[in-house]
Structure formats: C-alpha cells, structure tokens
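Right, one structure below, let's go through it.
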Amino acid sequence: MIKARVTVTLKNGVLDPQGKAIEGALGALGFSGVGHIRQGKVFDLELEGADKAKAEADLKAMCEKLLANTVIENYAIAIDG
C-alpha cells in the first residue's frame with residue numbers, strides 16, 4: 001500500500017478571493033502581520049501495490065484529469081516512504 005498526498009493551489013497571478021477573505025477575517029480577529037494568504041486543497045490517497053513509479057504516474061494522471069484544473073492550478077505530489 002502506498003500513501004500519497006496531493007496538494008493543489010492556485011497558480012501565481014490567479015485571483016484568490018477566498019484567500020483574501022481569510023486574510024481580512026484574520027485581521028479582524030486581531031492577527032496582524034498576516035498577508036498573502038492562498039487557499040488550496042489537499043487530497044490524501046492510498047493506492048494498492050508497491051510500485052512507486054506506477055503510483056506517481058497514476059497520481060499525475062489523476063491530477064491532470066480530475067483533481068486539479070491545470071489551467072489555473074498547480075499541484076504537488078508527495079509519496080510516503
């Protein structure tokens with residue numbers, strides 16, 4: 001069994017209204033000095049098998065086809081072990 005984490009974030013230059021809203025809310029709560037907040041998504045997955053190269057290829061395909069909108073989002077894949 002292979003455990004992996006996929007992190008999806010907006011590309012630089014893409015407006016992030018949720019990040020801006022969080023930034024404003026943190027300021028309103030008294031957390032000063034916080035800025036440039038970007039919101040993203042994290043997917044934790046378990047894949048059957050032990051072939052890390054196949055797992056990485058499968059994860060990349062998952063990101064390209066479903067998990068990330070590659071027009072406006074970047075993704076990073078981390079495989080445990």
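Read the figures in this text as sums done on the coordinates, not as results from a lab. On a predicted model such as this, the values are computed, not experimentally measured, just so you know. Neighbour counts are summed over all protein chains in view; Cβ atoms, including those assigned to glycine, are modelled from backbone coordinates with ideal geometry.
Observations
- Debye, to nearest 20: dipole size of the chain, +1 on Lys, Arg Cβ, -1 on Asp, Glu Cβ: 220
- Our compactness index for region 38-81, the C-alpha radius of gyration over the empirical 2.2 N^0.38 Å, is 1.21.
- Using distinct alpha-carbon pairs, which all enter the 1/r mean, Kirkwood radius of the chain in Å: 14.3
- Rounded tilt (10° steps) of 52-62 against the dominant C-alpha axis of the chain: 50
- Loop-located chymotrypsin sites (Phe, Trp or Tyr not before Pro) across the chain with a Cβ neighbour count of 13 or fewer within 10 Å are F31, with loop assigned by DSSP.
- C-alpha long axis of helix 17-28 to longest principal axis of the chain, angle in °: 50
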